[in-house]
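See below for the structure under consideration.
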Amino acid sequence: MKEITFGVPQKEVFGLLGVNGAGKTTTFNMLTGHVVPTDGAASICNSSVLTQMIASRRHLGYCPQFDATQANMTGREHLLFYAQLRGVPKQQQKQLVDSLIIQLGLKQHADRTAGTYSGGNRRKLSVGIALVGNPPVVLLDEPSTGMV
């Protein structure tokens, strides 16, 4: 990937499109800190992903291209775990998790282990994880793959 430049204003939806191998996933990996850029600069909500990674990640929800769910945890447990990690106040966690389960269409699957989910339902759970805590920036790498 070479010389990519873009900015996204607040409350804007931005689609990063390109053919296979164009660098979309690599761009997301740089923004999340999984890959260190060899040149240039990047920031999320005015926090540098190079020098202020912890601060930039506080503003970020991420659904990777391949699901990062744990087979032995239920969907509800995943969402509750991430709510705790993201600092959602304890008294708001149950309501948030229940709301996401309904919005994602996972009500009948919420208390089953993610290892029993179809690919589409694992994708829905991964999108839900990215939305926990209402981060100002959400990166979704092929979020609809396998969904119906």
Fill in: Heavy-atom accessible area order for 138, 13, largest first, 1.4 Å probe
13, 138
Worksheet item: In square angstrom, what is the accessible area per residue of the chain with a 1.4 angstrom probe?
Response: 64
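Summing -39500 (n - 2.57) over the DSSP H runs of n ≥ 4 in the chain and dividing by its residue number, what mean residue ellipticity at 222 nm do you reach, to the nearest 500 deg cm²/dmol? Walk me through the numbers before you get to the answer.
On the way: 5 runs with 53 residues, N = 148.
Value at 222 nm, helices only, nearest 500: -10500 deg cm²/dmol.
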Discussion item. In whole percent, and with a 1.4 Å probe on the protein chains, what portion of the accessible area of segment 43-116 is carbon and sulfur?
Written reply: 53
Worksheet item: What dipole magnitude, in Debye to the nearest 20, does the chain give about its Cα centre under +1 on Lys/Arg Cβ and -1 on Asp/Glu Cβ?
Response: 400
Item to complete: About the Cα centre of segment 79-148, how large is the charge dipole given +1 on each Lys and Arg Cβ and -1 on each Asp and Glu Cβ? Please answer in debye to the nearest 20.
Response: 180
Worksheet entry | Cleavage-rule hits (trypsin sites (Lys or Arg not before Pro)) in segment 2-108: DSSP loop, at most 10 neighbouring Cβ within 10 angstrom | 2, 11
Worksheet item: According to the Kirkwood expression over distinct Cα-Cα pairs, how big is the hydrodynamic radius of the chain, in Å?
Response: 16.3
Worksheet entry | Positive-end residue, the chain charge dipole about Cα centroid, Cβ charges, pick of 18, 59, 113 | 113
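Taking K and R as +1 and D and E as -1, what net charge do the other residues with C-beta under 14 Å from the C-beta of residue 102 add up to?
Values: positive: 76, 94, 107, 124; negative: 98, 111.
Surrounding charge for residue 102 is +2.
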Item to complete: Multiply the residue separation of residue 73 and residue 20 by 0.36 nm, subtract the distance between their alpha-carbon atoms, and state the gained length in nm to one decimal.
Response: 15.9 nm
Fill in: residue 49 accessible area, assembled protein chains, probe 1.4 Å, Å²
10
Item to complete: In nm, give the distance between the simple-model label positions of residue 112 and residue 52, each being 7 Å from the Cα along the Cα-to-Cβ direction.
Response: 4.4
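Using a 1.4 angstrom probe on the protein heavy atoms only, line up 32, 5 by accessible area, largest first.
5, 32
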Worksheet, complete the sentence: residue 93 neighbourhood, Cβ < 15 Å, K/R = +1, D/E = -1, net charge +2
Worksheet entry | Stretch gain in nm, segment residue 43-residue 103, where the contour uses 0.36 nm per residue and the Cα spacing is subtracted | 18.6 nm
Item to complete: Taking the chain as the reference, fit the longest principal axis to its C-alpha atoms, fit the long axis of helix 75-85 to the helix C-alpha atoms, and give the angle between the two in degrees, 0 to 90, nearest 10.
Response: 50
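The values are calculated or read from the model by the stated rules, or taken from the named source; none is laboratory data. From a predicted model like this one, the values you see are computed outputs, not experimental measurements. In this analysis, Cβ positions are derived from the backbone assuming ideal geometry, glycine residues included, and neighbour counts consider all displayed protein chains. These area figures cover heavy atoms from the full protein model, side chains too; ligands, DNA and RNA do not enter into them. Shrake-Rupley method; radii C 1.70, N 1.55, O 1.52, S 1.80 Å.
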